[in-house]
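See below for the structure under consideration.
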């Protein structure tokens, strides 16, 4: 398909507002909620005066579901692909080697796969991060990993299981994890 989007690949766009950068994965739901809340709080004139532009950050991802970064890390964005990889955009460039690749461990499709990533609040000093994924049988794993000596690569052998859920069904697996 010349010039078209290939199945299973998505583009990562950044939507820029006056005060910051909103990252979206091609879904306008988050932006829609921002405008709805702005309308409720400030009226339509505030929304009409807010310019909205779209800038391509990177493309070529395989089922991207989350963009995040460790606290204080202003040079890297971590992109979670549902198919089992965590990719890094560093200083605006997509690194060729994934931060972590567990694609052989995850079930694929629908509401399964690699579904969440959260960095420990003290990630800069302890190197811990947590992921949520469904395995080949469709069961949920929440696991802790550690970054390797290379800050752009996880230690794939450092997995420590935190939570296991024997899922009765293939759908409604959730996956979002965060520190609050």
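The values are calculated or read from the model by the stated rules, or taken from the named source; none is laboratory data. Keep in mind the model is a prediction, meaning the values are calculated, not measured. Here Cβ is always computed from backbone atoms with ideal geometry, including for glycine, and neighbour counts include all displayed protein chains.
Worth pointing out:
- The residues of region 74-97 that are in a loop (DSSP other than H, G, I, E, B), surrounded by fewer than 19 Cβ atoms within 10 Å (Cβ to Cβ) and in contact with a strand residue (DSSP E or B) (Cβ under 7 Å, 6 or more places away or on another chain), listed by number, are 75, 95.
- Residue 127 being more than 27 Å from residue 59 (Cα to Cα) and surrounded by 19 or more Cβ atoms within 10 Å (Cβ to Cβ): yes
- Residue that is farthest from residue 176 (Cα to Cα) [pool: residues in region 99-115 that are surrounded by fewer than 20 Cβ atoms within 10 Å (Cβ to Cβ) and at pLDDT 95 or above]: 104
- The strands (runs of 3 or more DSSP E) found wholly in region 108-154 and carrying at least 1 residues that are free of Cβ contacts under 8 Å to residues at least 24 places away in the same chain and farther than 19 Å from residue 66 by Cα occupy 140-147.
- Residue 122 farther than 21 Å from residue 62 by Cα and surrounded by fewer than 14 Cβ atoms within 10 Å (Cβ to Cβ): yes
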